[in-house]
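Heads up, the thing below is written out as structure tokens.
The values are calculated or read from the model by the stated rules, or taken from the named source; none is laboratory data. These numbers come from a predicted model, not from an experiment. Counting neighbours? That spans all protein chains shown, and the Cβs are built from the backbone with ideal geometry, glycine included.
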Number of protein chains: 2
Amino acid sequence: MRIVVVGGDAAGMSAAHTALRRARAAGRPVEVVVLEAGGDTSYSACGIPYWIAGEVGDGEELVARTAEEHRSAGIDLRLHTRATALDPVRRTVTATTADGAEEALRYDELVLATGAHPVHPDWAERDGEPIAGIHSVKTLVDGARWNELIAEAETAAAARGGHDHGAGPRAVVVGAGYLGIEMAEAFLRRGVATTLVTRSRVMSSLDEELGDRIAEDLAGAGVVLRSGVEIGEVVSEGGRVRAVVTTAGERLPADLVVPALGVEPTTALGRAAGLPLGENGGYLPDPGGRVAPGIWAAGDCCEYRHRITGQRAFVPLGTHANKTGRILGANLLGAGWQFGGVLGTAITRFAAGGEHLEVARTGLGTEQALEAGHDVASLVTEGTTASGYMPEAEPITIKVLADRSDRRLLGVQVVGGPGAGKRIDAAAAALWGGMTVDDLAWMDLSYAPPFATAWEVLQVAARRLAERL
Amino acid sequence: MRIVVVGGDAAGMSAAHTALRRARAAGRPVEVVVLEAGGDTSYSACGIPYWIAGEVGDGEELVARTAEEHRSAGIDLRLHTRATALDPVRRTVTATTADGAEEALRYDELVLATGAHPVHPDWAERDGEPIAGIHSVKTLVDGARWNELIAEAETAAAARGGHDHGAGPRAVVVGAGYLGIEMAEAFLRRGVATTLVTRSRVMSSLDEELGDRIAEDLAGAGVVLRSGVEIGEVVSEGGRVRAVVTTAGERLPADLVVPALGVEPTTALGRAAGLPLGENGGYLPDPGGRVAPGIWAAGDCCEYRHRITGQRAFVPLGTHANKTGRILGANLLGAGWQFGGVLGTAITRFAAGGEHLEVARTGLGTEQALEAGHDVASLVTEGTTASGYMPEAEPITIKVLADRSDRRLLGVQVVGGPGAGKRIDAAAAALWGGMTVDDLAWMDLSYAPPFATAWEVLQVAARRLAERL
């Protein structure tokens, strides 16, 4: 049996290793070929902002397993090799190397693990040419490039008088989602004055009250916020960005510009081969990972069942890539495992300029819940992360959403100081189990003064909502 | 209706306020009398070690609501008043004040919320007299006394040459459970050389591998450990402790000795009145809080149903006191609420002498699970609290227990650096919902590099166990 995997990051490599391990355990001969368009495998894309921030010394630290490690485990890994065509009937995929050489690879089972790519705005180019200083954040190559760009911006800033004259390096981050606030943190930590531009509002994947709290902290740390506007125009000079002009007509000087406008599934290969795609352009694997006879998909190129709505959702995250890759890999050898779906759990932080805010969510936000037809009740509760008399106590804001009709939890959102964010996991576990707001309010969660209030704040939030239902 | 509550701490006051609030909302006249033997109400007993450690400036900060606040809410609070006799037939309780005056109070509903008291070892007294320097940790009065005792020990140490001559104050903590390691932390932070004596091992409420890890950290911080021994003899001079001698014959010089040997339910009142008691001597309320006609009980004086074993368990904790008090209070006005039971979730930390270790558990340990008849499978997994390349990454050890026959989670134990402890809540939520080890392994928990590894370590631990079942 020959398994061909397209994409050598979390999902693809999880699938490859799991299949190989199970085949060996079963004494079945199997050949696993992985085609990776880039030069890196199994790296943490999520870690790149922290590398740019200077918290991670070297991009190599972000690599979980090198090409050599994969190969020595028995995987036929081909770097700088793209899958450029797929013939589902003849079961072949065309592998094209960097020098243009093509090979039609026959497969018994094909795994599509092509991930997602950043939304690329028109304004990032001029006459089809990229503008220096405008760059996305996705691959290790991007991370290395960002470190160069910041160094160049520092040199340019020094030439025009430097920090002393208020002319230090300046960045504009476009988009105020997870990547946007992580890049704002990175820039501030590198001493780069940062403006955050968003067409909607800060962290719109959380409800507005919580997004506002995050916006306050960003402002407190010195980030200049421009909400409700987009980039109208880019001013460049000698092919290098100098400023952006917002749709409100404001000119923002910029040495560095990050488009952090989200990602979209990389599914051109399957699309051209006629594979069905979802509303967001992602593959639509069944719970076992199969998309068509002999064709499987996992990770960020897929749309998965949302466990609360039952509908497909595009939630590109390394956690799902790891899990779905592993499930798919086992299923290639007949395991019959099923992926339980996604809740939309996510976490990040903004820690710079004297602020430290943790942000997390799970389940549905108000808008999503209303769209899904729920009779939504919700409440925002303020509390502390530890007993109020402890030095560890930090403010925390929690929003709980439930359905009035059956009291089931719909979602939880958390914003607060150190210790706030990971509280989302208890809520996620409750959501995973289809529990009610009462279950969350009364379950036996942990308490000691350095860690919580005697009524854990997550449970106070749930209880107060429960009492209003 | 007259409600008499015996005990003015978490459970009693939760019951009193909840009943009063509901009675008012329903327009029902109700009189609520609270008899409190001590002089303080609604204080955090769990906070006392942190007060002794110097992290909390004043004992008053540990008081959640003062007597005046309770009274102005309409509660007839009687401090320094003991309930000395109970006649369930005539529905009277005898209230005895500090000066010996007695009053037979008629009640319609009686709430027993008398809490628990520290196990008092024989060696803490000589000829019926307490030995100065040996003192338990339970009430605010105890906390204030400990601050005096430490000051006295410092004076005595200075007189004999002080720290410079290796003769600083010395403490012996007897018992290595939650309170024991919290007091070891407090003493180290106050510059008191500390020996921890335990007849079994460190944190025996966790399995041995995890207890050993805690013992290593205690030793690393400079705590001298003596396991498998008890106190054989106390050496005192002028009514003040000078040393303890272990059952192994070792003499340990000591200015300060804390018996931290656990607590037992304070149920003499009900016992004398013929109320049924459990194996640990606690009241046995039904899920609504009732123990007999017109008599209710909540908090640390009770044994509650363990949600995993279905058996009664004595798990004295403020969280259960708050919850059961509130439920009982609502039920006094006919709410019909039920307490869902306990999982034995608990958390603490040891943070002193350069160490910072968080310790948490939920559900059953190996011994408990075997006793309950489970076909126990378990596994210990090592990981990190954040992505390995992040400065936040700290080692974490997780043990997961499940039943081989139905794959249900039985318990989880966690020991690790900052960020480790509160991870227990996701496991507790899964246990609360009766979920399997597979649910825990594959559910959608949060990930970002400062908070977790891409496979959250709790899920790696569950997955590895699941793969072995």
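Out of B:Leu86, B:Leu20, which single residue is outside any helix (DSSP H, G or I) and at pLDDT 95 or above? Being outside any helix (DSSP H, G or I) and at pLDDT 95 or above holds for just one of B:Leu86, B:Leu20, which is B:Leu86. Kindly establish whether B:Gly27 is assigned to a loop (DSSP other than H, G, I, E, B), surrounded by fewer than 23 Cβ atoms within 10 Å (Cβ to Cβ), within 14 Å of chain A (Cβ to nearest Cβ) and out of contact with any Ser or Thr (no Cβ under 9 Å at 6 or more places or on another chain). In short, no.
With respect to A:Ala167, determine if the residue is at pLDDT 95 or above, in a loop (DSSP other than H, G, I, E, B) and not hydroxyl-bearing (Ser, Thr, Tyr). Against the criterion (at pLDDT 95 or above, in a loop (DSSP other than H, G, I, E, B) and not hydroxyl-bearing (Ser, Thr, Tyr)), A:Ala167 does not qualify.
Name the residue that is nearest to the other protein chains (Cβ to nearest Cβ), counting only residues in the stretch B:43-71 that are over 20 Å from the mean Cα position of the chain (by Cα) and surrounded by 18 or more Cβ atoms within 10 Å (Cβ to Cβ). That would be B:His70. Here the strands (runs of 3 or more DSSP E) wholly within the stretch A:195-301 that include at least 1 residues being among the small types (Gly, Ala, Ser) are A:224-227, A:231-237, A:240-246, A:290-292, A:295-297.
Residues of the stretch B:326-337 that are under 20 Å from B:Val33 (Cβ atoms), part of a loop (DSSP other than H, G, I, E, B) and within 13 Å of chain A (Cβ to nearest Cβ): none at all. From the list B:Thr348, B:Thr397, B:Thr384, pick out the single residue that is among the polar types (S, T, N, Q) and more than 13 Å from chain A (Cβ to nearest Cβ). Being among the polar types (S, T, N, Q) and more than 13 Å from chain A (Cβ to nearest Cβ) holds for just one of B:Thr348, B:Thr397, B:Thr384, which is B:Thr397. Condition first: of a type in the set (Asp, Glu) and within 22 Å of A:Thr246 (Cβ to Cβ). Can you find one or more residues in the stretch A:141-158 that meet it? Checked against the condition, which is being of a type in the set (Asp, Glu) and within 22 Å of A:Thr246 (Cβ to Cβ), the stretch A:141-158 yields no hits at all. Each residue in the stretch B:139-190 was checked for being among the basic types (Lys, Arg) and within 24 Å of B:Ala215 (Cβ to Cβ), and 3 pass. Within the stretch B:83-123, being of a type outside the set (S, T, N, Q) and either in contact with a His (Cβ under 8 Å, 6 or more places away or on another chain) or free of Cβ contacts under 8 Å to residues at least 60 places away in the same chain (or both) holds for B:Val89, B:Arg90, B:Ala98, B:Asp99, B:Gly100, B:Ala101, B:Glu102, B:Glu103, B:Ala104, B:Asp122. Residue check: is B:Thr155 outside the structural domain of B:His80 (by TED's automatic domain parsing), of a type in the set (Ser, Thr, Tyr) and part of a helix (DSSP H, G or I)? Yes. Name the single residue, out of those in the stretch B:301-325 being facing another protein chain (nearest Cβ under 9 Å) and in contact with an Asp or Glu (Cβ under 9 Å, 6 or more places away or on another chain), that is surrounded by the fewest Cβ atoms within 10 Å (Cβ to Cβ). The qualifying residue surrounded by the fewest Cβ atoms within 10 Å (Cβ to Cβ) is B:Arg307. Can you spot a residue in the stretch B:179-188 that is part of a strand (DSSP E or B) and not hydrophobic (A, V, I, L, M, F, W, C)? Within the stretch B:179-188 (the criterion being part of a strand (DSSP E or B) and not hydrophobic (A, V, I, L, M, F, W, C)), the answer is no, since none of the residues qualifies. Could you tell me whether A:Gly74 is surrounded by fewer than 24 Cβ atoms within 10 Å (Cβ to Cβ) and farther than 30 Å from A:Phe350 by Cα? Yes, satisfied. Cβ-Cβ distances below 7 Å connect no pair with a first residue in the stretch B:195-222 that is over 19 Å from B:His356 (Cα atoms), a second residue that is of a type in the set (Phe, Trp, Tyr), and a separation of six or more residues or different chains.
Annotation: of all residues in the stretch A:420-469 being at the interface with another protein chain (Cβ under 8 Å from one of its Cβ atoms) and acidic (Asp, Glu), the one that is surrounded by the most Cβ atoms within 10 Å (Cβ to Cβ) is A:Asp425. How many of the residues making up the stretch B:415-461 are closer than 16 Å to A:Gly421 by Cα, acidic (Asp, Glu) and over 27 Å from the mean Cα position of the chain (by Cα)? Number satisfying all stated conditions: 2.
For the structure I just gave you, tell me whether A:Glu36 is in contact with a Lys or Arg (Cβ under 9 Å, 6 or more places away or on another chain) and acidic (Asp, Glu). It is true that A:Glu36 is in contact with a Lys or Arg (Cβ under 9 Å, 6 or more places away or on another chain) and acidic (Asp, Glu).
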